[in-house]
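This report refers to the structure that appears directly beneath it.
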Amino acid sequence: MDGPREYSYRADELISRDIEAYLARHRHKSLLRFITCGSVDDGKSTLIGRLLYDSRMIFEDQLAELAADSRRVGTQGQNIDFALVVDGLAAEREQGITIDVAYRFFATDKRKFIVADTPGHEQYTRNMVTGASTADLAVILTDARKGVLTQTRRHSYLAHLIGIRNLVLAVNKMDLIGYDPAKYEAIVADYRRFAESIGVQAFTPIPISGFLGDNITTRSTNMPWYTGPVLMEHLENVDVDVTAAQGRPFRLPVQWVNRPNLDFRGFSGLIAAGTLRQGDAVRVLPSGKTTRVTRIVTLGADLQQAVAGQSVTLCFADEVDCSRGDVIARADEPPQVADQFEATLVWMADEPLLPGRAYWLKLATQTVSATIQIPKYQVNVNTLEHLAAKTLELNAIGVCNLSTDRPLIFEPYEENPALGGFILIDKLSNATVAAGMLHFALRRSQNVHWQALDISRGKHADMKNQRPAVLWFTGLSGAGKSTIANLVEKKLVRMNRHTFLLDGDNVRHGLNKDLGFTDADRVENIRRVGEVAKLMTDAGLIVITAFISPFRAERKMVREMMAAGEFFEIHIDTPLADAEARDVKGLYKKARSGQLKNFTGIDSPYEPPENPEIRIDTTHMSPEEAADLIVEKLVP
Amino acid sequence: MRADQAADPVRLTHLQRLEAESIHILREVVAEAEKPVMLYSIGKDSACMLHLARKAFYPAIPPFPLLHVDTTWKFQAMYEMRERMVQESGMQLIVYYNPEAKARNINPFEHGSALHTDLWKTEGLKQALDQYGFDAAFGGARRDEEKSRAKERVFSFRFANHRWDPKRQRPELWNLYNARKAKGENIRVFPLSNWTELDVWQYIQLEDIPIVPLYFSAPRPTVVRDGLILMVDDARFPLRPGERPELRSIRFRTLGCYPLTGAVESTASTLPEIIQEMLLTTTSERQGRAIDHDQAASMEKKKQEGYF
């Protein structure tokens, strides 16, 4: 090793000699986004620091700081520890700030690079998938002394899962194995076997030393046997998928309708795939109407042609309905439309997936309500085994079926990530809880059509001479829901109303006897009751339900199933102490002693309604008074 | 086979891809937020962001106002540029002054840069967003500006009282931004997240975007104080005994309040010369701004308090 090296900031000599020429050259750079995968032990930070230094992104003041830090805390003796450039966030880590994905920038004459760097091990899957979702290429780092490890396989699987087609296997620390070609070849062969097993068709192996700079920007004299590209050369020249997307059929998800005045109506968005020329025939989905593009508008001048990756505004020859969420597509090759899918989900929230709960699903510019079924299986990212799963927890990856409340315009993720990738959003916390990739539409959604019925729901209601309704009682166990619900039904029947009471305990003996009391089962319980109640309102009935229904999200889901104005949420509001003191069924006693798990109010939460239609305060009202009040509200 | 299928693929340049991404971000916010606003600070990044907004919504005027949280201590040339851009863009401009800072006549000379910035800018911004009920505010910050910004989201969520909670920021996948929020919460959105300083300068040159003349070198009246070259921009500059403004050929790399912004001696008077000077400079960017020196590595703290 050659003793301490001098590092300094050296600008490209063309800058001082001919700035205009330099700028002209840099105007035609392309962009490559990549992700580096590996742990600190693999020399990832050192490699990124080295790339930044070699492309002149580290300035004098930063170098001076770095030299001082290197002597103080570095691990490289007198040499500059490039890892410290990247690990500058260590202080924040100590302050307890989560570091997930950091983005770094550097450029050469040919390309601008955006590197997604994902430190940290605990939330690795979540962070890596996030960073990889925008990457064109992944650099998988391995330590030449250790070869292909579990984490090498995990990183490669995740990069492949998210659809990165350019993989680089950077075999690092070659200096520490004496630049031995046989050992290098053995690692590459080992990796190739694994890569093929997960469907990776090609990868580029490069032997490097991030620490000494071998094969990073300049060809290493220590490895004359290596004839492939050095890392920077490969990054500068590799073909990016963005251009490949131009060859696919045209797709533009509409973001915004531009209507500044009566004479102009344009549709704005980022072209997701294909090439469009002025005059091309297009089809607007979901309506299926066709028209021609008369103008491709941008500030300055109209374009004759636009390609995937550009943000544009289109004008049509005809007045075709088109709004945010619609997709403008090539007329003779439109994307599919469906409402049931198989998808891979990467769970990103502390709260696990609740099958049956409705989440917002955002795909391109479409936002719909979606429910996820119990996972078909979960993938162990270390062994790639398929495991049985009832839910997905933070960092879990699973394959599930899902259905949406409205048809989605989509393409399989492998074909077009822009129309196959989606996020799931919790409806109450608004947090992004999962990333997903659609594989295909389930056949039944294409075949099952709504049966058009001759006797409408209005007819059913008219025959009973009443407005259908759902009286949804919610409250703690022992609050008096069933008692009051019974009284209400009796009063309504006396008034010649047609009613039906769905009681929690009764439903659990039949329809829902396969369900337990976990959060996931509670959600499914309520979903089924909601569907039954909905069918009964279609039949014209006044449905009365008495379920604890502890979660706001599910009550909201049921509310959204019903026709407007037909859902009445009735909160039987009893202090926990009162309900527990009453304890008619002896359940609280059992829960307190630990014999009964997941009991609402004890070890499972109850989320009281925020704006119920009716609130009954049982500390100030008898069941009889409560029933009168409810009936009066319903039948004024 | 159609002509375009046979044709060679069009290779978009890095600036075209950055532009398309920024326009996409601007449109997403307009489509999903209830009442967006663009924070306009008159500097080169703001100029770039405003230009992108005009492109994103052309031929419509960008469907949101500009907000300048003023301190009354900006350079005169900045106020002139502000008026010019309002004229050219046709957008509504809201200028906000924190009434408390105004009443107490807060200024950098008597109160120091920390208090001055906190009251006029940090507090002023929060007050302005609350008063007008803006739920999304565009800002011109870039990830390459500072170490702690490297991990900043494009959509940065502020909860009650504008508090930034690092644990509740959302993962951003593909180009899918989740703009949902509860009442009382707001989002700061950074359309220039992935731009570098060089990208901004190149784009300004390519698109011929007007910038404040102070970025170009010219002889200007100055004094040197605490190692900073300060420009005597108006009569409010209190000269110390023995101090006399001297003409120096200077320019500014960043623009802020004139008593807090250090100039560099320079002869760069064209855009290529400015870029040349920037590229040959061997130190990182923000040295001209006194606020960073006052409280080193304070960006994280400021952000938690609601500063950009």
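The values are calculated or read from the model by the stated rules, or taken from the named source; none is laboratory data. Every value quoted in this text rests on a predicted model; they were computed, and no experiment measured them. With ideal geometry, Cβ positions are generated from the backbone for all residues, glycine too; neighbour counts draw on all protein chains shown. The accessibility values were calculated without ligands, DNA or RNA, using every heavy atom of the protein model including side chains. Shrake-Rupley method; radii C 1.70, N 1.55, O 1.52, S 1.80 Å.
So which residues in the range A:284-314 are of a type in the set (S, T, N, Q) and farther than 15 Å from A:ALA272 by Cα?
Passing the criteria: A:SER287, A:THR290, A:THR291, A:THR294, A:THR298, A:GLN304.
Restricting the search to the range B:95-109, which residues are under 13 Å from B:LEU260 (Cβ atoms) and either buried (at least 19 other Cβ atoms within 10 Å of the Cβ) or without any contact (Cβ under 8 Å) to a residue 24 or more places away in the chain (or both)?
B:ILE106, B:ASN107, B:PRO108
Of the residues A:PRO229, A:PRO253, which single one is farther than 30 Å from A:ILE206 by Cβ, in contact (Cβ under 8 Å) with a residue 24 or more places away in the chain and more than 9 Å from chain B (Cβ to nearest Cβ)?
Just one listed residue meets the conditions, A:PRO253.
Please determine whether any residue of the range A:423-439 is part of a loop (DSSP other than H, G, I, E, B) and open to solvent by 60 Å² or more (accessible area, probe 1.4 Å).
Yes, the range A:423-439 contains a residue that is part of a loop (DSSP other than H, G, I, E, B) and open to solvent by 60 Å² or more (accessible area, probe 1.4 Å).
B:GLN87 passes all but one of (1) open to solvent by 10 Å² or more (accessible area, probe 1.4 Å); (2) under 27 Å from B:TYR58 (Cβ atoms); (3) in contact (Cβ under 8 Å) with a residue 24 or more places away in the chain; (4) out of contact with any His (no Cβ under 7 Å at 6 or more places or on another chain); which number fails?
Condition not satisfied by B:GLN87: (3).
Could you tell me which residue of the range B:158-178 is farthest from A:LEU428 (Cα to Cα), considering only residues that are in contact (Cβ under 8 Å) with a residue 12 or more places away in the chain and within 9 Å of chain A (Cβ to nearest Cβ)?
B:ASN175
Suppose the filter is among the aromatic types (Phe, Trp, Tyr), modelled with pLDDT under 95 and open to solvent by 10 Å² or more (accessible area, probe 1.4 Å); does A:PHE211 pass it?
Answer is yes for this residue.
Going through the range B:181-196 one residue at a time, which ones are within 7 Å of another protein chain (Cβ to nearest Cβ), touching a helix residue (DSSP H, G or I) at 6+ places or on another chain (Cβ under 8 Å) and under 28 Å from A:LEU252 (Cβ atoms)?
Result: B:ASN194, single match.
Answer yes or no: is there a residue in the range A:508-517 that is over 27 Å from A:LYS390 (Cα atoms), out of contact with any strand residue (DSSP E or B) (no Cβ under 9 Å at 6 or more places or on another chain) and open to solvent by 70 Å² or more (accessible area, probe 1.4 Å).
Within the range A:508-517, none of the residues are over 27 Å from A:LYS390 (Cα atoms), out of contact with any strand residue (DSSP E or B) (no Cβ under 9 Å at 6 or more places or on another chain) and open to solvent by 70 Å² or more (accessible area, probe 1.4 Å).
I'm told A:PHE341 meets every condition in (1) within 27 Å of A:SER156 (Cα to Cα); (2) touching a helix residue (DSSP H, G or I) at 6+ places or on another chain (Cβ under 6 Å) except one. Can you identify the failing condition by its number?
Only one criterion in (1) within 27 Å of A:SER156 (Cα to Cα); (2) touching a helix residue (DSSP H, G or I) at 6+ places or on another chain (Cβ under 6 Å) is unmet by A:PHE341, namely (2).
Yes or no: the range A:379-390 includes at least one residue that is at pLDDT below 95, of a type in the set (Gly, Ala, Ser) and farther than 30 Å from B:ALA20 by Cα.
Yes, some residue in the range A:379-390 is at pLDDT below 95, of a type in the set (Gly, Ala, Ser) and farther than 30 Å from B:ALA20 by Cα.
To keep it simple, each residue is scored yes or no on (1) farther than 17 Å from A:SER220 by Cβ; (2) within 14 Å of another protein chain (Cβ to nearest Cβ); (3) of a type in the set (A, V, I, L, M, F, W, C).
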| position | (1), (2), (3) |
| --- | --- |
| A:TYR124 | yes, yes, no |
| A:MET128 | yes, yes, yes |
| A:ARG145 | yes, no, no |
| A:THR152 | yes, no, no |
| A:LEU161 | yes, yes, yes |
| A:LYS173 | no, no, no |
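When you check B:SER46 against the structure, is it under 26 Å from A:SER311 (Cβ atoms), part of a helix (DSSP H, G or I) and not aromatic (Phe, Trp, Tyr), yes or no?
Taking the combined requirement at face value, the residue satisfies it.
Consider B:ARG11 carefully, then state whether it is closer than 21 Å to B:GLU207 by Cβ and modelled with pLDDT under 95.
yes
Anything in the range A:215-249 that is assigned to a helix (DSSP H, G or I), open to solvent by less than 40 Å² (accessible area, probe 1.4 Å) and of a type outside the set (A, V, I, L, M, F, W, C)? List them, or say none.
Selection gives A:HIS234, A:THR243.
Tell me which residues, restricted to the range A:161-194, are surrounded by fewer than 22 Cβ atoms within 10 Å (Cβ to Cβ), in contact with a helix residue (DSSP H, G or I) (Cβ under 8 Å, 6 or more places away or on another chain) and part of a helix (DSSP H, G or I).
Those that are surrounded by fewer than 22 Cβ atoms within 10 Å (Cβ to Cβ), in contact with a helix residue (DSSP H, G or I) (Cβ under 8 Å, 6 or more places away or on another chain) and part of a helix (DSSP H, G or I): A:LEU161, A:ILE177, A:LYS183, A:TYR184, A:PHE194.
Quick one: which residue in A:VAL368, A:VAL346, A:VAL379 is away from chain B (no Cβ under 14 Å) and either in contact with a Pro (Cβ under 9 Å, 6 or more places away or on another chain) or closer than 20 Å to A:HIS160 by Cβ (or both)?
Result of the check over A:VAL368, A:VAL346, A:VAL379: A:VAL379.
Among the residues of the range B:50-81 satisfying the criterion of being in a helix (DSSP H, G or I) and among the basic types (Lys, Arg), which is least open to solvent (accessible area, probe 1.4 Å)?
So the residue we want is B:LYS55.
Determine, yes or no, whether B:LEU230 is of a type outside the set (Val, Ile, Thr), without any contact (Cβ under 8 Å) to a residue 40 or more places away in the chain, surrounded by 19 or more Cβ atoms within 10 Å (Cβ to Cβ) and away from chain A (no Cβ under 12 Å).
yes
Among the residues of the range A:330-342, write down those that are under 18 Å from A:GLU415 (Cα atoms) and within 14 Å of chain B (Cβ to nearest Cβ).
A:ARG330, A:ASP332, A:GLU333
Which condition number does B:ASP144 fail, the rest of (1) closer than 21 Å to B:ILE25 by Cβ; (2) at the interface with chain A (Cβ under 8 Å from one of its Cβ atoms); (3) not in a helix (DSSP H, G or I) being met?
In the conditions (1) closer than 21 Å to B:ILE25 by Cβ; (2) at the interface with chain A (Cβ under 8 Å from one of its Cβ atoms); (3) not in a helix (DSSP H, G or I), B:ASP144 misses (3) alone.
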